[in-house]
Amino acid sequence: MSNPAETLNKKHAIGVKIARIGLGMIDYEKDTIHFDARGAALLDISSDEPVARSVVHARIHPDDRNVLDEHIKRMMDPASEGFFELNHRVVHENGNVLWLTARKQVEFGAPNADGSLHPASGLVAIIDITDHKSDQDRVQYLLDELNHRVKNLLSVVQGIARLTFSTGDVSTARERFSKRLGGLTHNLDALVKGDWTSADLSELVIAHLQGFSTNNAQINVDGPTVHLDPSQAQAIGMALHELATNAFKYGALSVETGTVTIAWHMTDDDQLCLTWSEAGGPPVTAPSQSGFGSKVIKEMTSASLRGEVEVDYRTEGLLWNVTFPLETSA
């Protein structure tokens, strides 16, 4: 019959292995630490023999050393619980940085002649939390980005409302405002797919045009895979919505024979050139005055992307072109 204590020790060893915990024994009188294989690997030190505590502490990230020293100082005080837990970074010789959770417990030796206590030994357990820390940082980044984007979005909505209700036919203002807000939701959908860090240009184009024609032959999309940052996606998305709305009401998408081609390519100087070209629709004439749509596709797009916009009201169909540095974020 197996000894319960031996069985428990075996289970304990297996549990430590499964939990991927690194363990180290501290000898304060010799000022050394001896880690098992897991702990030594996390700290990038030898596990064959005890090493000086200074060697282990040298692995601590410079920005975390002061905090660690303060925790150790308090732990070594006989009046304390003799325990601490701390998340900190370690730096390997090859430059790799890991985040660890370190838990330390000190044991005090026999009282000195004057009755005072001194640290004799200790145990340290460390766990790699690098992936968890990265996930936390990413979540925080996304929350910060979301907060920033929501504030920007509210400003955009205010601008759309102000310009929509101050220009054009009052009787259709509510409808135009609703559709423009709908255009913004397509931007958000594309950004959500890119975790709020980018939007696929092809998906953004398709999302904005899918509601304007049931005939796939009317819309041609051509270009390499390109990812826009959130500011660029918002600017391009709003322009696409205005262009599609105009084409649906007056241009190529207002008749079954009309076509719209949206194409893009990278230039030799690493700029993105995006073109909207209409054909087969009613004859085009330039507007007599500049409304909100015209401002969006030219002035706002140019300013937001820090690029160059060309608008040509050709008789055979509207031609719109924007060229801008792909990595520029307004």
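Read-outs: derived from the displayed coordinates by stated rules, not from any lab. It should be emphasised that the depicted structure is a prediction, and the values quoted were computed from it without experimental measurement. Don't worry about glycine lacking a Cβ; one is built from the backbone with ideal geometry, like all the others, and counts go over all protein chains shown.
Using DSSP to call loops (not H, G, I, E or B), can you name the trypsin sites (Lys or Arg not before Pro) in segment 21-80 whose Cβ has at most 16 other Cβ atoms within 10 angstrom? Could the numbers behind the result be given before it?
Values: sites: K30, R38, R53, R59, R65, K73, R74; in loops: K30, R59.
Sparse-neighbourhood loop trypsin sites (Lys or Arg not before Pro): K30.
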From the phi of every residue in segment 111-126, what ³J(HN,Hα) in whole Hz does the Karplus formula 6.51 cos²θ - 1.76 cosθ + 1.60 yield, where θ is phi - 60° and glycine or proline is x? x, 6, 4, 8, x, 6, 10, 9, x, 10, 8, x, 10, 10, 10, 10
Can you list the residues of segment 39-58 with backbone N under 18 Å from a point 7 Å past the Cα of K30, pointing along Cα to Cβ? 40, 45-57
Sites D63 and Q158 - FRET efficiency at Förster radius 30 Å, r taken between beta-carbons, to 0.05: 0.10
In segment 1-102, the GluC sites (Glu not before Pro) that fall in loop regions by DSSP, at most 14 other Cβ within 10 Å: E29, E81, E93
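On a full-extension model of 0.36 nm per residue, what is the gain between K249 and S290, subtracting their alpha-carbon distance, rounded to one decimal in nm? Intermediate values should be presented prior to the final figure.
Working: separation 41, 0.36 × 41 = 14.76 nm, distance 1.68 nm.
Length gained, K249 through S290: 13.1 nm.
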Does a label point 7 Å from the Cα of L23, set along Cα-to-beta-carbon, have any residues of segment 46-71 with amide nitrogen under 19 Å, and which are they? 46-51
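Using r as the Cβ-Cβ distance of E107 and D131, and R0 as 35 Å, what FRET efficiency do you calculate, to the nearest 0.05?
Working: r = 32 Å, r/R0 = 0.93.
Result of the calculation: an efficiency of 0.60.
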Whichever aspartates and glutamates have a C-alpha closer than 19 Å to that of K133, once near sequence neighbours (fewer than 8 apart) are set aside: D63, D64, E85, D144, E145, D195
At 7 Å along Cα-to-Cβ for each site, give me the label-to-label distance between V139 and R89 in nm. 2.1
If you take the beta carbon distance between E316 and V221 as r and set R0 to 25 Å, what does 1/(1 + (r/R0)^6) give as a FRET efficiency, to the nearest 0.05? 0.80
Under a plain spin-label model, where a point goes 7 Å from the Cα along Cα-to-Cβ, how far apart in nm are R306 and Q210? 3.3
With +1 on each Lys and Arg Cβ and -1 on each Asp and Glu Cβ, how big is the dipole of segment 177-325 about its Cα centre, in debye rounded to the nearest 20? 620
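Could you tell me the relative contact order of segment 177-325? Use alpha-carbon pairs under 8 Å, at least six residues apart, and round to a whole percent.
This gives 21 percent for segment 177-325.
Let me know the charge dipole size of segment 4-128 about its Cα centre in debye, to the nearest 20, where only the beta-carbon of Lys, Arg (+1) and Asp, Glu (-1) is charged. Could the numbers behind the result be given before it?
On the way: 14 positive and 19 negative charges, 94 e Å.
I would put it at about 460 debye.
Enumerate by residue number the GluC sites (Glu not before Pro) in segment 224-314 meeting two conditions: DSSP loop (anything except H, G, I, E, B), and at most 12 other Cβ atoms within 10 Å of the site's Cβ.
Working: sites: E242, E256, E278, E299, E308, E310; in loops: E256.
Of the GluC sites (Glu not before Pro), the ones in loops of segment 224-314 whose Cβ has at most 12 other Cβ atoms within 10 Å are E256.
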